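To start, the structure itself, in structure tokens.
The values are calculated or read from the model by the stated rules, or taken from the named source; none is laboratory data. Model, not experiment: these values are computed from the prediction. A quick note on method: Cβ atoms are made from the backbone with ideal geometry, for glycine too, and the neighbour counts reach across all protein chains shown.
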Amino acid sequence: MLSAIAIALAAPMSFCGSAASSGEVELDVGLIHPVEGSPAPRLEAPGVVELQAPFSTNRNSRVRWNIDFGRSLKLNDGISFDFLCRDNDQVSAFSLYFFYNGGCHTTSFVPGKSGEWRRVTVDKSLVRRMEGSPHGWGDITSVSIAAWRGGTNDTSFLLSNMKVFGAAPEVVVVRGNSAIAKMPKENAVNFHKFAECMTQVIRECGVSAAAVPDCDLDAELLNRAKLVVLPFNPHLPDGAADVLRAFCSDGGKVFACYSLAKGIPEVLGVKVGCSYYLSSKHPENPPFVGMVRTHLSPSGQPEFFPDADADGLVVLEGSGGCDVIGRWAGSDRKATSVPALVRTRNGYHYGGAWSTAGSGGRAMMRSILGEVNPTWRGRFADAEKRSRDAEREKMRWFASQSPKKGEWRAVCCTKSFCDRIDKGNSPFGTWDDAIGFLQRNGFNSILPNYAYANEYSDFGSCLDACRRHGFECHVWKICWEACGGFSKGFKGRTVVTFNGESEPRFMCPSDPFNLASETEMFVELARRGPTGIHLDYIRYMDQDQCFCNGCRDAFEKRIGRMVANWPEDIRESDDLVREWDTFRCSNITALVRAVSNRVRVECPGVQISASVFHTNEETPHKVGQDWGTWCREGLLDFVCPMDYYVGTHFAFKGLVRSHFGYFRDSKAKLRPGIGITCWQSTLDDRENLVEQVKAVRELGLDGFYIFDYSRRMAHALPALRMGLTSD
């Protein structure tokens, strides 16, 4: 067979200079298998494979190929390969799958410019998504590459020089997969971000580290490690505590943050004195903003270590000898009596969830690493120089970007954000402070959330501040959903699920009283004189809503016949499925149309906009949201797809490009949402934000918004101000 790709065990990308295990796995074209109707691979040149994407004739959403692999990646950092895409505009995203028996690990990657080779490095520490049964990185059976449709013309890709890199790490950071499995999907982001922040900080100190699924935790993985970090692990697999106990018996240390899983307090030798300390319940202490060292702290520990989320679990006493080496402090940076970091014979427990990167995070981490293994201290100076040089290079890149005059730049402000500012207890100060910060960073609009289906708050202070700063104010209202639930007066007007259960938080969109109530509230908001009104949750929550008696009556009247077996027939008859989708869409569109008609007449000049799901091909069926029709009918001045893509900026651009087809014959503007708060990785917020704003501009759009106003956003905006928003 002709050799196509050599997958070699390359020298490790670590800071310690040790060698990886030797060996090489050679693949040929016969071991690359097309799936889902994709073309067979072709040998372009020795060691180079061509993969074709005939999007003009293949109507599938993607093309994909499986590469036989058959080895464990548990002790390696990841894989890398050379890749070339001949026409990037035909592809919306590239995905990479690592298959194991029962599921796969999934990530995405970015090619170079069209027609240019790029070295792609896939670090498994940053691979978060797992499909199927939970599993670690042992026994990977195949690697799969997929290209998702972005256009209708043919293109092709070249693949070469795929290698496995890295060796077993010196520090193992344990990702909380067991906890993720027990939590709502939206909460998974914290388990990922804390693991990745820890991994990044340790690597920047010059010590090799890898974030691994907790199911991979075993003696083999820890053979070379000196330290195990539990960044946020309230649950661990059975037997994990025994593995860590044996690890500590051999001289290893454990650094645990925040909640401790069963058995870990005994491993560390600590007792948890209280759970989830809240400063509001302890008026004798100021709100915590960081940690102050004590006389027992290790060499090099900073006098003050900032932690913006310091209201966390704290350790109040140790059971087998416990040194308090850090105490929580308020904004005055004076130590309180509340322990923040303790040291025991087997390691450390930090009461917060470590989220501090940069020079402050590195300084704190070096003090811990140097105490765990004094030989690592010899690497710190060179590693710090590399980190500072890399930061200076980023600053030069940020400053090299060009602004775009006249661009609409907005930030969403959630209800909790608005409430805190109005009540005077926000870390962002007053509305003048919050808007002034945005203005200094080149922004000109906000979308404050002041209304739900059952109430709206006075937004006068926000509107006055916007006017003083020359800001646009588009008041954001949540449709159909009640804040805190509806009163008894709404009985019979709320949603009923397919299984006949009442959902008291949501109004039924087909109810004419609900339609009138929602419309009137939007008109009332518009009469207050904002720049615009912004519709959110303008949809059903899912396919399970609504099957109340009112929906049945209205639907049967619409189709002109009875539904014998309600509601089961709705899902079993293709004809009824189509009719039901149309019915649900008509109910949602009725509100958009009513609001548009009233506001255009009664409040001329007030703009109308909406946040929508990013794919109008699926949302009419899934949630009754046909926003393409709203744009074509002229019901909206602009639409804001929630393109909160957590992957690559290349895929974000492809996602935004996919909206263009919904705007034929439409005067509505497309202003996509950039969801920085929703991004799972916190390692490169500034770079991701710059790249996504650039993508919006490259597609010729007049603006964007960011979700939402937060410390995370505030940290990233100055990078835009250096170049992209410096006008």
For segment 82-96, enumerate the residues that are in a strand (DSSP E or B) and buried (at least 21 other Cβ atoms within 10 Å of the Cβ). PHE83, CYS85, VAL91, SER92, ALA93, PHE94
Has segment 482-490 got any residue that is under 26 Å from VAL639 (Cβ atoms), in a strand (DSSP E or B) and within 27 Å of the chain's Cα centre (by Cα)? no
Is there a residue in segment 186-207 that is in contact with a strand residue (DSSP E or B) (Cβ under 8 Å, 6 or more places away or on another chain), at pLDDT 95 or above, at negative phi and of a type in the set (Asp, Glu)? no
State which residue is surrounded by the most Cβ atoms within 10 Å (Cβ to Cβ) when the search covers only segment 433-451 and only residues that are of a type in the set (S, T, N, Q) and outside any loop (DSSP other than H, G, I, E, B). ASN449
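Restricting attention to strands (runs of 3 or more DSSP E) lying wholly within segment 156-266, give those where 2 or more residues are closer than 30 Å to LEU31 by Cα. If you could, list the steps in order and put the result at the bottom.
Details: elements: 171-175, 209-213, 227-230, 253-257.
Ranges flagged: 209-213.
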Conditions: (1) in contact with an Asp or Glu (Cβ under 8 Å, 6 or more places away or on another chain); (2) free of Cβ contacts under 8 Å to residues at least 60 places away in the same chain; (3) not in a loop (DSSP other than H, G, I, E, B). HIS621 meets all but one. Number of the miss? (2)
Can you name every residue in segment 332-363 that is within 26 Å of the chain's Cα centre (by Cα) and either within 22 Å of ASN233 (Cα to Cα) or touching a residue at least 60 places away in the same chain (Cβ under 8 Å) (or both)? TYR350, GLY351, GLY352, ALA353, TRP354, SER355, THR356, ALA357, GLY361, ARG362
Can you tell me which residue within segment 119-163, out of those that are modelled with pLDDT of 90 or more and of a type in the set (Asp, Glu), is farthest from LEU84 (Cα to Cα)? ASP123
If we keep just the residues of segment 130-158 that are among the polar types (S, T, N, Q) and either assigned by TED's automatic domain parsing to the domain that holds ALA181 or surrounded by 18 or more Cβ atoms within 10 Å (Cβ to Cβ) (or both), which is farthest from PHE652 (Cα to Cα)? SER142
I'm trying to understand the selection: among the residues of segment 330-379, which are among the charged types (D, E, K, R) and either surrounded by fewer than 16 Cβ atoms within 10 Å (Cβ to Cβ) or in a loop (DSSP other than H, G, I, E, B) (or both)? ASP332, ARG333, LYS334, ARG345
Filter result for the condition that a residue is surrounded by fewer than 18 Cβ atoms within 10 Å (Cβ to Cβ), modelled with pLDDT under 95, under 30 Å from the mean Cα position of the chain (by Cα) and of a type in the set (A, V, I, L, M), over VAL563, VAL646: VAL646
Name the single residue, out of those in segment 380-432 being among the charged types (D, E, K, R) and assigned to a loop (DSSP other than H, G, I, E, B), that is surrounded by the fewest Cβ atoms within 10 Å (Cβ to Cβ). LYS405
